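What follows is a short report on a single structure.
The values are calculated or read from the model by the stated rules, or taken from the named source; none is laboratory data. Note that the structure is predicted; figures quoted are calculated from it, not measured. Cβ atoms come from the backbone with ideal geometry, glycine included; neighbour counts cover every protein chain shown.
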Amino acid sequence: MTPAARMQAAIDLLDAIIAAARDGGPAADTLIARYFKERRYAGAKDRRAVRDHVYAAIRRSGDRPDTGRAAMVGLMQARPELAALFDGSTHGPAPLAADEPASPAAAIPGWIAPLLADPVEVDALLGRAPVDLRVNRLKAAPEEIAPCFPEACPIAGLTDALRLPEGAPVEQSDAWANGLVEVQDAGSQHIVAACGARPGMTVVDLCAGAGGKTLALAAAMRGQGRLIAADTIRSRLQRLTPRAERAGAHFIETLLLDEGREADRLAPLAGQADIVLVDAPCSGTGTWRRNPEARWRLTPQRLERLATTQARILDFAAPLLAPGGLLVYATCALTDREGRDQVTAFLARHDGWRDVELPCAVGRAHGGGRLLTPAHDATDGFFFAGLTGD
Ligand SMILES: C[S@@+](CC[C@H](N)C(=O)[O-])C[C@H]1O[C@@H](n2cnc3c(N)ncnc32)[C@H](O)[C@@H]1O
């Protein structure tokens, strides 16, 4: 492909990504993979160049652009050398007009900025993200793993974590294939550590998804006790099964919940749990640096729906706890609506409950919980809080 053809490919892909973000279609990575599957003539260099153009344009536009071309023309304001690629050649973009629309530069959507927790440094939300590993204590000790990844550094405050540069191909390593390590952001690892799960406990991971945090809880429990991974989406729980197998976490039970009737399936666990983790569905604000196109999918209406769901999940989580048990509420969101305000509202709805400070070497106290951010803590962004009842 010529450099101009790569630019046109990036514009076409951006059009598809914009439409998918508007209509709830596939993720950018899926669309890029599909695009190249249908264009076998594109070589590795072409793919890399197109992908770089696409992601540079996505990162630069906080609000969803009208068109791929407007996103790219906007990017050109920061990278004027790209203008030469609009050359009107056969497979390249048409020449630039004098009044070409350009999407404005912004790190995040304008409407969400006032909703973020005060101390969030907005530009860092779109920064580069490293690859963090968690050594799986069910199979290995950190000192055995470090030599497998010579470029890895330790992460302060986490004994089982290692940090590799962005893009490190961990999933091609034997250590990953044999379940000795998992890829997991340091923020998620801090949250699981703060839960304080120990061997012999009963722990419910109520929004387990494909089990990122479930597997970390399993390792903290050394494979002993009862660990229940619940979610409303069957395909996510199904993805946990082979991961648990690989990790040697054979004691995990999965529980598929019916949306709207979760309490029915959970009733046998009432009053049983030492720890319930609610890693709630959320806006994902804190993970935009890994998934920048997600900010084009979020709307004020969607945020409200998420907040309603978060409150509802907390309400059916609370009765699961044994006396003195710990409810940990976590989101990878940095809006106060989804963090601080959820804790305040929960405490107002539940007599006899209070927030408890969770042990964590990083982050900042914020509204009854703790805030982790990319700029302050070099992690994805999270809010998490500990709650306990009488
Ligand atoms: C942030 S994700 C969980 C990520 C996962 N804990 C991890 O560490 O990989 C939130 C999950 O909540 C699930 N969820 C949404 N509504 C739910 C509900 N009403 N009850 C339980 N889980 C729900 C979603 O399907 C999604 O998998």
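May I ask you to say which residue of 267, 263 is more than 9 Å from the ligand (Cβ to nearest atom), touching a Phe, Trp or Tyr at 6+ places or on another chain (Cβ under 6 Å) and over 27 Å from residue 27 (Cβ atoms)?
After applying the criteria, what remains is 263.
Would you check if residue 216 is within 14 Å of the ligand (Cβ to nearest atom), of a type in the set (A, V, I, L, M, F, W, C), within 21 Å of residue 129 (Cβ to Cβ) and assigned by TED's automatic domain parsing to the domain that holds residue 270?
Spelling it out, residue 216 is indeed within 14 Å of the ligand (Cβ to nearest atom), of a type in the set (A, V, I, L, M, F, W, C), within 21 Å of residue 129 (Cβ to Cβ) and assigned by TED's automatic domain parsing to the domain that holds residue 270.
Being of a type in the set (D, E, K, R), within 9 Å of the ligand (Cβ to nearest atom), closer than 26 Å to residue 387 by Cβ and surrounded by 14 or more Cβ atoms within 10 Å (Cβ to Cβ) narrows it down to one residue among 279, 274; which is it?
Every option except 279 fails the conditions.
Of the conditions (1) closer than 30 Å to residue 368 by Cα; (2) touching a residue at least 60 places away in the same chain (Cβ under 8 Å); (3) not in a loop (DSSP other than H, G, I, E, B), residue 59 clears all except one; give me its number.
It fails just one condition, (1).
Among the residues of segment 221-241, count how many are within 27 Å of residue 163 (Cα to Cα), more than 13 Å from the ligand (Cβ to nearest atom) and in contact with a strand residue (DSSP E or B) (Cβ under 9 Å, 6 or more places away or on another chain).
2
Given the residues 84, 70, 98, which is the only one that is in a helix (DSSP H, G or I) and more than 34 Å from the chain's Cα centre (by Cα)?
Just one listed residue meets the conditions, 84.
Among the helices (runs of 4 or more DSSP H) contained in segment 158-237, which hold 3 or more residues that are crowded, with 23+ Cβ neighbours inside 10 Å? Please lay out each step first, then the result.
Numbers: elements: 174-177, 186-195, 212-220.
Once the helices (runs of 4 or more DSSP H) in segment 158-237 are filtered for at least 3 residues that are crowded, with 23+ Cβ neighbours inside 10 Å, what remains is 186-195, 212-220.
Out of all the residues in segment 171-213, which are in contact with a strand residue (DSSP E or B) (Cβ under 6 Å, 6 or more places away or on another chain), under 20 Å from residue 388 (Cβ atoms) and within 10 Å of the ligand (Cβ to nearest atom)?
191, 205, 206, 207, 213, listed by residue number.
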